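Visitor: Sharing a structure below in C-alpha cells format, with a few things to ask.
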Amino acid sequence: MDYYGFWQMLLEEMKAAPKSAQRHIVTFNDPRMYAGALSQWKSLKTKKPGLRQVQVSALIQAFFVPAAGAGKLMDRYADSLCIEEDHRIQVHSALADPSGPSMMPWGVKAIRAPQAWSRSTGVHVKIGVIDTGVDFRHPDLKHTLASGVNLLNRGMMPLDDNGHGTHIAGTLAAAGGTRSMMGVAPRALLYPVKAFDHNGSAYVSDIVLGIDWCVQNKVDIINMSFGMRNRSKALHDVVIKAYRAGIAIIASSGNDGKRGGDYPARYPETIAVGALDRRQRIAAFSNRGPYIDVYGPGEGIPSCWLREGYKEMSGTSMATSHVTGAAALLLALRPGLSPRELKLLLRRTASPVRLRKGQRRASLGGGAADALRLLRVGIRARRSSGGAGSGGSSDGSGVAKAAAAKA
C-alpha cells in the first residue's frame, strides 16, 4: 500500500472540505497496514501541519479525521479500509430545579449506601468519569478527584463548563461530611475524562479516546452517562477491549421513555442502567426493556454543581452514577471481580421495582439497585468460592461513619 499517497489524499480532502463536514473513523482491515500508516503519519505530521488534526487510538488501531474524503478513500482503498461516520453523542439528563446542599440525597439513601459504609466506602477504587469535566474547586469533591484528562484541549485540566459531569461526580463520591452532601462511594477516586463540550455534546471518537485513556490508566470502573441511537463499530470495539481488560463499563439507557435504548448501554459488555422515581417505579422518561441490567434513582436528584453550588437533575445519567457508586463499594472489597461477575451480582441483588398500570415485570429487565444487599451477597460469594481474605474487613472512614449516623 502507498501510505504516503494515502495521507496525501486524505490531507487534500481535509483541506477541501468545509469546516462543518462530517468527521470519520478510519480503520484498516490488516493490522500491518495500520502500523505502516501510523509510521508514515508520524513522519509526515511535522512537515504537513494539517495532519496534526488527526488523532489516533492505539487500543482499536483507528485514525480519527476531521473531514475524511470517504468516497475517494473507499474508491482507492476499498479492500483495505473500514470507514464509519463519527456520530455525535449526548449526555443523558434534563436540567431541573436549583437546589441547596443536601447532606444525604434521597437516591443515596434509597439504594441503602449509608448502611453499607460500615463495610465499604469505596476506598482506592478508581472510577473513570467520561463526561463534561468536573468543578475541581467544589468543597465536596476536592478529596476525591485525581487529575484526569481533557481530550478537547490536552494542555488544560478537565474543568467542567456544563455542570453535568460535576453532578455525576457528586453522586458518585462527594465527601462533604457533616457540612454538606455525601455521594454513594465517598472514598473512591474519580478520574475526570473531559470528552463533552459545554453543550454536553461529543463525537464517538472522543469517547473512544476516553475509554482508551481509562484502559491505559488502569481504572476499575468507567461511568458513561450518555448515549446515542446509532450503532458504532469503533465504539463497540473499544468497549470490548475495556471489558477484556477487566474494566466494568456502566452506561445510561436514555431518556426517551421507550422500550429499547441507546448505545453504548445496549452492548452486551456494558451494564445498562434505567431510572427510578421516588416511589421506586420506573421513571416516565426512562428507557426500559429486558436489556436493562439494573435501575437506579434518577428523578429530582440533588448533587454538586458549578461554582461550588448544587442543583437537582433528572435522567438515566443520574441513575447510572448511583449504580457505579454501588459497584465501587463492592470492588473495594473484591478488587478482582470481573465485569461479568459484577453485572450478575447487580442483577441478582436488585429489588423488585413497583409496576405502573399495564407493565409486566418480565418486560422491564432488572430491578432496583441495592448497595447493602450487593455487598452482603458479594462477600458471601467470595467466601463460598474460597477467595482470599474473609471479606468482612472494613474500609470505612470517620467521615463516612458520621454521615451514616445522620442518614
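Visitor: I'd like to verify a number: residues in the range 238-255 that are buried (at least 18 other Cβ atoms within 10 Å of the Cβ) and either of a type in the set (Phe, Trp, Tyr) or assigned to a helix (DSSP H, G or I) (or both), how many?
Guide: Pass one, the range 238-255, residues buried (at least 18 other Cβ atoms within 10 Å of the Cβ): 238-239, 241-243, 247-255.
Of the ones still in play, those that are also either of a type in the set (Phe, Trp, Tyr) or assigned to a helix (DSSP H, G or I) (or both) are 238-239, 241-243.
Qualifying residue count, the range 238-255: 5.
Visitor: Among the residues of the range 89-105, are any at pLDDT 90 or above and not hydrophobic (A, V, I, L, M, F, W, C)?
Guide: yes
Let's see how each residue does on (1) over 29 Å from Ala332 (Cα atoms); (2) out of contact with any helix residue (DSSP H, G or I) (no Cβ under 8 Å at 6 or more places or on another chain):
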residue: Val204; (1), (2): yes, no
residue: Ile207; (1), (2): no, no
residue: Ala248; (1), (2): no, no
residue: Gly261; (1), (2): yes, yes
residue: Ala272; (1), (2): no, yes
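Visitor: Still on this structure: Can you list residue pairs whose Cβ atoms sit under 7 Å apart, with the first residue in the range 323-350 being within 14 Å of Ala371 (Cα to Cα) and the second being acidic (Asp, Glu)? Count only pairs 6 or more apart in sequence or on different chains.
Guide: Sorted first by the residue in the range 323-350, then by its partner, the pairs are Leu331/Asp220; Ala332/Asp395; Lys343/Asp293; Leu346/Asp293; Arg347/Asp293; Thr349/Asp370; Ala350/Asp370.
Visitor: Answer yes or no as to whether Gly309 is modelled with pLDDT under 95, small (Gly, Ala, Ser), assigned by TED's automatic domain parsing to the domain that holds Lys357 and crowded, with 21+ Cβ neighbours inside 10 Å. Before you say what the answer is, go through the steps one by one.
Guide: Details: modelled with pLDDT under 95: yes; small (Gly, Ala, Ser): yes; assigned by TED's automatic domain parsing to the domain that holds Lys357: yes; crowded, with 21+ Cβ neighbours inside 10 Å: no.
When the stated conditions are applied, Gly309 does not pass them.
Conditions tested, residue by residue: (1) farther than 21 Å from Thr144 by Cβ; (2) touching a Phe, Trp or Tyr at 6+ places or on another chain (Cβ under 8 Å).
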position	(1), (2)
Gly176	no, no
Phe196	no, yes
Asn199	yes, no
Ala202	yes, yes
Cys214	no, yes
Lys233	yes, no
Ile247	no, no
Gly254	yes, no
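Visitor: Of the residues Asp75, Asp79, only one is over 28 Å from the mean Cα position of the chain (by Cα), at pLDDT below 95 and in a loop (DSSP other than H, G, I, E, B); which?
Guide: Numbers: Asp75 fails: in a loop (DSSP other than H, G, I, E, B).
The match here is Asp79.
Visitor: Could you pull out the residue among Leu152, Leu159, Leu172 that is at pLDDT 95 or above, of a type outside the set (Val, Ile, Thr) and under 20 Å from Ala326 (Cα atoms)? Step through it out loud before you land on a result.
Guide: Working: Leu152 fails: under 20 Å from Ala326 (Cα atoms); Leu159 fails: under 20 Å from Ala326 (Cα atoms).
From the options Leu152, Leu159, Leu172, the qualifying one is Leu172.
Visitor: Given the conditions (1) closer than 30 Å to Ala58 by Cα; (2) touching a residue at least 24 places away in the same chain (Cβ under 8 Å); (3) over 13 Å from the mean Cα position of the chain (by Cα), which single one is not true for Pro268?
Guide: Among (1) closer than 30 Å to Ala58 by Cα; (2) touching a residue at least 24 places away in the same chain (Cβ under 8 Å); (3) over 13 Å from the mean Cα position of the chain (by Cα), the lone unmet condition for Pro268 is (2).
Matching residues to (1) out of contact with any strand residue (DSSP E or B) (no Cβ under 6 Å at 6 or more places or on another chain); (2) within 26 Å of Gly176 (Cβ to Cβ):
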{"site": "Arg307", "(1), (2)": "yes, yes"}
{"site": "Lys311", "(1), (2)": "no, yes"}
{"site": "Leu344", "(1), (2)": "yes, no"}
{"site": "Leu372", "(1), (2)": "yes, yes"}
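Visitor: Being of a type in the set (A, V, I, L, M, F, W, C) and under 19 Å from Pro18 (Cα atoms) is the filter; apply it to the range 35-65 and report the residue that is farthest from the chain's Cα centre (by Cα).
Guide: Leu51
To keep it simple, each residue is scored yes or no on (1) assigned to a helix (DSSP H, G or I); (2) surrounded by 17 or more Cβ atoms within 10 Å (Cβ to Cβ).
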site: Val26; (1), (2): no, yes
site: Arg32; (1), (2): yes, no
site: Ala35; (1), (2): yes, no
site: Gln40; (1), (2): yes, yes
site: Ser43; (1), (2): yes, no
site: Phe63; (1), (2): no, yes
site: Ala67; (1), (2): no, yes
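Visitor: Consider the range 35-63. How many of its residues are of a type outside the set (A, V, I, L, M, F, W, C) and either in contact (Cβ under 8 Å) with a residue 40 or more places away in the chain or on the phi > 0 side of the Ramachandran plot (or both)? Break it down stepwise before answering.
Guide: Looking only at the range 35-63, we keep the residues that are of a type outside the set (A, V, I, L, M, F, W, C), and these are 36, 39-40, 42-43, 45-50, 52-53, 55, 57, 61.
Filter once more, keeping what is either in contact (Cβ under 8 Å) with a residue 40 or more places away in the chain or on the phi > 0 side of the Ramachandran plot (or both): 48, 55, 57, 61.
Counting residues in the range 35-63 that are of a type outside the set (A, V, I, L, M, F, W, C) and either in contact (Cβ under 8 Å) with a residue 40 or more places away in the chain or on the phi > 0 side of the Ramachandran plot (or both) gives 4.
Visitor: Only residues that are within 24 Å of His164 (Cα to Cα), in contact with an Asp or Glu (Cβ under 9 Å, 6 or more places away or on another chain) and free of Cβ contacts under 8 Å to residues at least 40 places away in the same chain: list them for the range 244-264, please.
Guide: Asp256
Visitor: Follow-up question, since we're still on this one. What pairs come up if the first residue lies in the range 223-243 and is more than 15 Å from Lys343 (Cα to Cα), the second is part of a helix (DSSP H, G or I), and their beta carbons are under 6 Å apart, counting only those six or more places apart or on different chains?
Guide: Ser225/Ile168; Ser225/Ser317; Ser225/Thr320; Ser232/Val204; Ala234/Val208; Leu235/Val204; Val238/Val208; Val238/Ile211
Visitor: Any idea which of (1) within 32 Å of the chain's Cα centre (by Cα); (2) part of a loop (DSSP other than H, G, I, E, B) is the one Met14 doesn't satisfy?
Guide: Failing condition for Met14: (2).
Visitor: Still on this model: If you check every pair at least six apart or on different chains, which have Cβ atoms under 9 Å apart with a residue in the range 129-144 that is outside the structural domain of Met103 (by TED's automatic domain parsing) first and a residue that is surrounded by fewer than 24 Cβ atoms within 10 Å (Cβ to Cβ) and among the acidic types (Asp, Glu) second?
Guide: none
Visitor: Taking the range 264-282, which residues are buried (at least 24 other Cβ atoms within 10 Å of the Cβ) and at pLDDT 95 or above?
Guide: The first filter runs over the range 264-282 and keeps only residues buried (at least 24 other Cβ atoms within 10 Å of the Cβ), leaving 264-265, 270-276, 282.
Scanning the range 264-282 gives Pro264, Ala265, Thr270, Ile271, Ala272, Val273, Gly274, Ala275, Leu276.
The values are calculated or read from the model by the stated rules, or taken from the named source; none is laboratory data. Predicted model, so just to flag it, every value in this text is computed and none were measured. For neighbour counting, all protein chains shown are included, and Cβ atoms are generated from backbone atoms with ideal geometry for every residue, glycine included.
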